[in-house]
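All remarks here apply to the structure that follows.
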């Protein structure tokens with residue numbers, strides 16, 4: 001199932017930040033993890049992921065570094081969660097939990 | 001497709017073999033300054049050397065091109081997208097699937113471009129904000145200009161007609177103007193007798209010019225009599241406006257050239273008759289002097305009475321300037337009476353004459369009876385209707401015609417600097433006037449509030465008035481930049497110095513007349529008492545109630561007027577602005593010359609007030 005754009009706009013950043021909580025990751029890796037760990041629900045293409053990452057970067061929630069792989073001799077950009085991003089993720093998590101509970105109570109989910 | 005592939009390969013071949021100039025062209029300035037020709041901004045080179053299949057290269061090329069990012073940002077995006085595709089290929093994904101899962105190209109370009117721009121520095125963000133601000137200002141300016149230039153005033157009220165309204169049903173035989181009009185030509189033409197501004201009718205008995213003055217007056221007996229008859233009429237009957245009584249080439253030969261707007265501005269209405277009324281009053285004053293010389297007390301009495309009635313006629317003009325001319329005429333009437341009293345040793349005034357004069361002077365008693373600001377209030381309302389639009393509910397905005405009218409005030413009253421930049425400034429700011437200036441209701445409310453304060457004050461003696469709120473309002477228009485812009489129309493009126501700014505001063509002028517009149521009433525009563533008892537009373541209270549209903553109040557303190565005998569003559573005075581009894585000694589000007597009315601000031605602290613009294617009646621011998 002694909003999530004509608006409006007919902008994705010709210011869920012996408014939180015999902016990406018959650019994946020970065022475990023350590024730094026690069027773009028393709030994030031695409032694959034989102035697809036796999038969300039069972040395809042939050043799967044997003046490059047056209048969605050990279051603008052999302054650049055926006056998080058502009059807000060100071062993630063930081064990036066470029067490293068050239070010794071193996072492939074290719075530059076690759078790695079993203080990690082900043083302290084500000086960690087605090088934001090805590091807030092987002094609480095809000096999603098509250099939202100989830102509320103939607104459950106309303107019978108929108110879990111019914 | 002084959003053709004495309006061939007072209008792409010050709011491009012790749014060219015791109016992989018970069019010339020020095022090509023690398024130079026794609027080298028950042030920073031690298032070039034360090035002597036390194038890196039060519040690292042060459043997106044095409046990066047793509048063709050990436051090892052990506054051509055469809056993937058083409059996709060990235062299209063997306064990056066559409067982002068409209070800086071070259072350095074494009075390189076970052078290209079590198080990341082290349083890495084993404086290569087990672088996918090390394091993971092065994094077919095290129096077609098990777099391209100299919102990329103998403104909407106256009107949306108990607110738009111979102112990537114927007115997101116990358118958010119990462120730009122503060123200076124760039126500030127410049128963009130400034131650009132938006134500038135755009136906003138331009139849009140706002142254009143909208144204001146449309147708003148401004150689409151407005152036009154609607155003149156709904158003809159205030160000149162309102163000024164003339166009392167004449168509408170007045171019968172012709174009750175109108176004084178036709179008689180004054182006949183007399184006026186004969187009463188003009190008085191010649192100057194010296195360089196100090198004195199004219200023939202200023203000559204007094206004993207002066208070398210007196211015989212000529214007498215001849216001048218005697219040759220105009222009929223005209224003077226006509227004036228006396230005119231003064232008996234209840235209504236002046238001067239019709240104001242370009243097509244009214246002012247259009248009279250026999251009286252004013254250039255009146256055909258005067259401005260003749262079909263719908264004239266009330267403030268521009270001419271009152272050429274005022275100058276002639278002033279001259280008539282001078283003639284009556286001089287004729288009273290001649291009458292005393294001739295022992296003709298009845299003529300003195302008639303001239304004094306005529307001056308009072310003439311002042312009443314002038315007052316019908318309803319605008320401040322007419323009221324001020326009327327007050328001047330009333331002062332001449334007091335001069336006639338004062339001179340007659342001072343001459344009582346030679347030409348004693350009979351008690352019934354003294355009583356008649358006292359009755360004539362008994363009214364008016366307040367400034368509100370001597371003047372009103374009705375005409376001036378109408379003049380401002382007239383201005384407002386000519387500069388604002390009217391939505392029918394009293395609201396409106398400034399119009400181009402209104403701006404032109406205001407500009408004409410500024411130009412004609414020196415408020416429009418001649419700097420070469422000024423026309424440009426005016427051209428640029430004019431369309432903003434409706435936004436910057438006060439709205440019609442705001443301006444109306446501000447002017448009405450001022451006139452309300454003025455009218456309320458006019459009903460009270462000057463000592464009980466409060467002009468502070470009025471003065472503060474006027475002051476704020478001069479000092480506050482915001483108010484100055486917002487209330488420019490009223491401010492221009494203030495600059496003109498004709499209306500509004502002079503209202504408190506006008507009341508003080510009226511109050512000075514009333515004070516002098518009070519003194520004259522006391523002097524008349526004192527003369528009657530002297531004639532009855534052979535001497536003056538010991539105190540003014542002795543005149544009450546037989547000769548005065550009460551002792552008039554000192555118009556500065558509110559206490560009783562003061563009186564004393566100087567050289568067997570009565571002197572009546574107010575203690576003046578310093579509120580200190582100086583035994584009738586008048587305050588002196590800086591030159592040291594005594595000035596009887598210098599101390600007639602209100603709302604001054606005793607410390608700043610001139611030292612001396614306000615002399616209301618002084619039995620000075622008439623001197624040349």
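Worth pointing out:
- Only listed residue being surrounded by fewer than 16 Cβ atoms within 10 Å (Cβ to Cβ) and either touching a strand residue (DSSP E or B) at 6+ places or on another chain (Cβ under 9 Å) or within 11 Å of another protein chain (Cβ to nearest Cβ) (or both), chosen from A:82, A:68: A:68
- Scanning the stretch B:223-264 for residues that are assigned to a loop (DSSP other than H, G, I, E, B), under 23 Å from residue B:379 (Cβ atoms) and in contact with a strand residue (DSSP E or B) (Cβ under 9 Å, 6 or more places away or on another chain) yields B:236, B:237, B:238.
- Checklist (1) under 19 Å from residue B:284 (Cβ atoms); (2) in contact with a helix residue (DSSP H, G or I) (Cβ under 8 Å, 6 or more places away or on another chain); (3) surrounded by 11 or more Cβ atoms within 10 Å (Cβ to Cβ) applied to residue B:191, failing item: (3)
- With respect to the conditions (1) closer than 21 Å to residue B:306 by Cβ; (2) buried (at least 16 other Cβ atoms within 10 Å of the Cβ), residue B:221 lacks only one, and its number is (2).
- For the stretch B:83-125, taking the residues that are part of a helix (DSSP H, G or I) and loosely packed, with under 11 Cβ neighbours inside 10 Å, the one that is farthest from the other protein chains (Cβ to nearest Cβ) is identified as B:123.
- Checking B:571, B:616 one by one, the residue that is part of a strand (DSSP E or B), over 17 Å from residue B:511 (Cβ atoms) and touching a residue at least 12 places away in the same chain (Cβ under 8 Å) is B:571 and no other.
- Selection of the stretch A:18-33 for residues being buried (at least 21 other Cβ atoms within 10 Å of the Cβ) and more than 14 Å from chain B (Cβ to nearest Cβ) yields only A:20.
- Test for residue B:166: is it in a loop (DSSP other than H, G, I, E, B), in contact (Cβ under 8 Å) with a residue 40 or more places away in the chain and within 43 Å of the chain's Cα centre (by Cα): no
- Residues that are over 30 Å from residue B:308 (Cβ atoms) and touching a helix residue (DSSP H, G or I) at 6+ places or on another chain (Cβ under 7 Å) were ranked within the stretch B:233-264; the one that is surrounded by the most Cβ atoms within 10 Å (Cβ to Cβ) is B:264.
- Selection status of residue A:75, closer than 22 Å to residue B:81 by Cβ, touching a residue at least 60 places away in the same chain (Cβ under 8 Å) and within 14 Å of another protein chain (Cβ to nearest Cβ): no
- Of everything in the stretch B:59-82 that is in a helix (DSSP H, G or I) and more than 11 Å from chain A (Cβ to nearest Cβ), the residue that is surrounded by the most Cβ atoms within 10 Å (Cβ to Cβ) is B:64.
- Scan of the stretch A:54-65 for residues that are outside any helix (DSSP H, G or I) and either within 10 Å of chain B (Cβ to nearest Cβ) or touching a helix residue (DSSP H, G or I) at 6+ places or on another chain (Cβ under 8 Å) (or both), ordered by number: A:59, A:60, A:61, A:62, A:63, A:64
- Test for residue A:104: is it more than 10 Å from chain B (Cβ to nearest Cβ), out of contact with any helix residue (DSSP H, G or I) (no Cβ under 8 Å at 6 or more places or on another chain) and within 17 Å of residue B:111 (Cα to Cα): no
- All positions within the stretch A:34-53 that are surrounded by 18 or more Cβ atoms within 10 Å (Cβ to Cβ), more than 10 Å from every other protein chain (Cβ to nearest Cβ) and modelled with pLDDT of 90 or more: A:34
The values are calculated or read from the model by the stated rules, or taken from the named source; none is laboratory data. In this text the structure is predicted, and so the values were computed from the model without any measurement. Neighbour counts are summed over all protein chains in view; Cβ atoms, including those assigned to glycine, are modelled from backbone coordinates with ideal geometry.
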